[in-house]
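I have placed the structure first, in the form of structure tokens, so that the comments after it can refer back to it.
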Amino acid sequence: MELIKEIWHYYEHNGSYVLSEIFRHFLMSAYGVLFAAIIAIPLGIFLARYSRLSPVVFSIVNIIQTIPALAMLAVLMLVMGLGPNTVVMALFLYSILPILRNTYTGILSVDKALTESGNGMGMTKFQLLRMVELPLALSVIIAGLRTALVIGISIATIGAFIGAGGLGDIIIRGTNAADGTAIILAGAIPTALIAVFADLFMGWIEKQLNHETKIKRRNRTA
Amino acid sequence: MLKFENVTKVYKGGNKAVDNINLEINRGEFVAFIGPSGCGKTTTMKMVNRLIETTEGNIYVDGKNINEVDVVELRRSIGYVIQQIGLFPHMTIRENIALVSKLLKTPLDERNKRAEELIDLVSMDRSYLDRYPGELSGGQQQRIGVLRALAADPPLILMDEPFGALDPITRDALQDEFKDLQQRLGKTIVFVTHDMDEAIKLADRIVILRDGEIVQVGTPDEILRTPANEFVEEFIGEERLITSRPSLETVGQIMNDSPITVHEDVDISETIKTLIDRKIDSLLVVDDDNYFKGFIDIEIINRYRKENVKVKEAMVTDIFTVKEDRLLRDVVRRILRQGTRYVPVIDDEGKLRGIVTRASLANIVYDSIWGEDEDVVLQ
């Protein structure tokens, strides 16, 4: 009980600071995922076309994923210096695998009969991608973004060590304070909440973009 | 309309799928490619819209060499229906039907009108246009699949076993509908199938392929009556060969017209003597005016032997019969499938005219295999 009061007390006195760190934290994660999506989605589509290359690319991307987050940040810091850009870069690297893998499998799992009939009716490669493959793979691709975003939000926490700010900043303050339990929690709880909400939100989008949901929803209103 | 000129396809690894095919298909003709799997029928068809490229030789559509036409334009000008149907699940039926028109940049209202016209053709309600493929049965989906191929009004349509995945009843209905549609619209159809019944029913001409080569080309009648070689005969099947024999057309011609009968009012015990005398194990039961009533066999007789019952009380009445004027080709298979040793033949009024035994059917089968002359000794 005492603890909740203390956390509340912290928020009352540092309200605007906490809000700006939440915002900053979220932005870092979102940028990392966004940049990764810009690279990984086209790459995934490309790999689905030339799947002979996929083992090579996937093993490289897998290696990136095995690097511990702290080590990754430290190495990137050597190159890019301190600050949020380094964290965004790290999140970018971590987001590539889930997005790439989901795009790749999403495109490849489109029924061969559908691509054949698309081809047979005279769609160009681009039309086939835009009208058939992407719409059908979309919910799987979004699921990849969702995984990447949740991972990103948790990893962004340690960005505070290299001066990037974010909710990790609050947690570190707590560990440095003499009796910092309340402060640690004041940082940790919003981090978890952002992750949960991001997950729910992306899950909702994923469902909306699935064509089967579209049919169900229309039948309910009809 | 469509012409194959020395067309050959060799796959990577040297596997020759299609070997020097020459064939000309006229406008409005319905041509079925048939053969065992791996005979090159699908490959041959897919070379027409260049889903598979030819290795050698030329294919002409409307006099134009397909290799000199842009592949996308070519495909848009040829209808294409596949066995797996391949309707796009994320598009409504309307969008699916109108897709090729959309690719051809037909205005939206024209596309919608066309979709409505087309769905009327297969007598489905227009409300289906706003549904999604997943909400339709397999038969309805393939109707839409056919409509989609018709949407841009292509003169030539390629079909790859379009009814192969449907249940027999739906398949039958769709075949009838489609044949009717094809004749009304005057489309040229190239149809791949492995089902001889389907080919005979639908096609104007049948092309039989084996190992990438054409074995025989002809109308269904020509192929049934003069199969080019043993392979074709085997492929057509014995049953169809019998049924296509010109001199044997009705059940009446092959039946035994003096079956052994017993009157319905006779006592069971009396029938035993007849059975022993004639060395048979069952009897057909008739009444005073020779109306067919049922049959009685040795098992039934054995069961009622000690009781004093008349034949009509013990006989089996639920029995498969055929009319004497039925065409053989329609009933042979059903008779064989019944699994009974014989089938009573009756006339329109229900009077007993004769009996067809499995043995007499077997005789015709043997004759058609060994090609004996047509005066078959029956009985």
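Some observations on this one:
- In the calculated pair-distance distribution of the range A:123-203, the portion above 21 angstrom amounts to 48 percent of the Cα-Cα pairs.
- When the C-alpha to C-alpha distance is required to be over 28 Å, the pairs from B:201/B:293; B:41/B:187; B:64/B:201; A:112/B:12; A:112/B:105 that qualify are B:201/B:293; B:64/B:201.
- Exposure proxy ranking for B:90, A:13, A:25, based on other Cβ atoms within 10 angstrom of each Cβ and starting from the fewest, stands as A:13, B:90, A:25.
- Two-decimal Rg to Rh for the range B:1-77 - Kirkwood Rh, Cα set: 0.95
- In a reduced charge model with +1 at each Lys and Arg Cβ and -1 at each Asp and Glu Cβ, the range B:127-276 shows a dipole moment near 720 debye about its Cα centre.
- The convex hull built on the alpha-carbon positions of the range B:163-239 has an orientation-averaged projected area of 5.7 nm².
- Within straight-line cross-link reach of residue A:214, aspartates and glutamates at Cα separation under 12 Å, skipping those fewer than 8 residues along the same chain: A:206
- Peptide B:89-100 - average C-beta neighbours from other chains (10 Å radius): 3
- Shape descriptor for the range A:80-158: Rg over Rh equals 1.19 (Cα atoms; Rh from the Kirkwood inverse mean 1/r).
- Choice from A:66, A:103, A:86 with maximal GNM fluctuation in chain A (Cα, 10 Å cutoff): A:66
- Straight-distance candidates among the aspartates and glutamates for linking to residue B:306, with alpha-carbon spacing under 14 Å and chain neighbours fewer than 8 residues away dropped: B:267, B:270.
- A straight Cα-to-Cα reach below 13 Å connects residue B:46 with the aspartates and glutamates A:116, B:160, B:161, residues fewer than 8 places away in its own chain not being considered.
- A Cβ-based charge dipole, computed about the Cα centre of the range A:153-222 with Lys and Arg at +1 and Asp and Glu at -1, lands at about 640 debye.
- When its C-alpha radius of gyration is set against 2.2 N^0.38 Å (N residues), the protein assembly as shown gives a value of 1.49.
- In the range B:179-219, taking the dipole from charged Cβ atoms about the Cα centre, the farthest positive-side position among B:186, B:207, B:219 is held by B:186.
- Whether chain A is rounded, prolate or oblate, judged on the alpha carbon gyration tensor where a/c under 1.5 counts as rounded: oblate
- For chain B, the relative contact order comes to 15 percent (Cα pairs under 8 Å, sequence separation of at least 6).
- Ranked list, fewest to most other Cβ atoms within 10 Å of each Cβ, for A:77, B:255: A:77, B:255
- The charge dipole of the protein assembly as shown, taken about the Cα centre with unit charges on the Cβ atoms of Lys, Arg (+1) and Asp, Glu (-1), comes to about 2880 debye, rounded to the nearest 20.
- Axial C-alpha extent at least 24 Å, average Kyte-Doolittle at least 1.6 - helices from chain A (DSSP): A:134-156
- Kirkwood Rh in Å, taken over all unlike Cα pairs in chain B: 24.4 Å
- Global form of the range A:1-128, assessed from the alpha-carbon gyration tensor, a/c cut-off 1.5: prolate
FYI, it's all coordinate maths here, none of it is from the lab. None of these values were measured; they are calculated from a predicted model. When we count neighbours, we look across all protein chains shown, and the Cβ atoms used for this are built from the backbone with ideal geometry, even at glycine.
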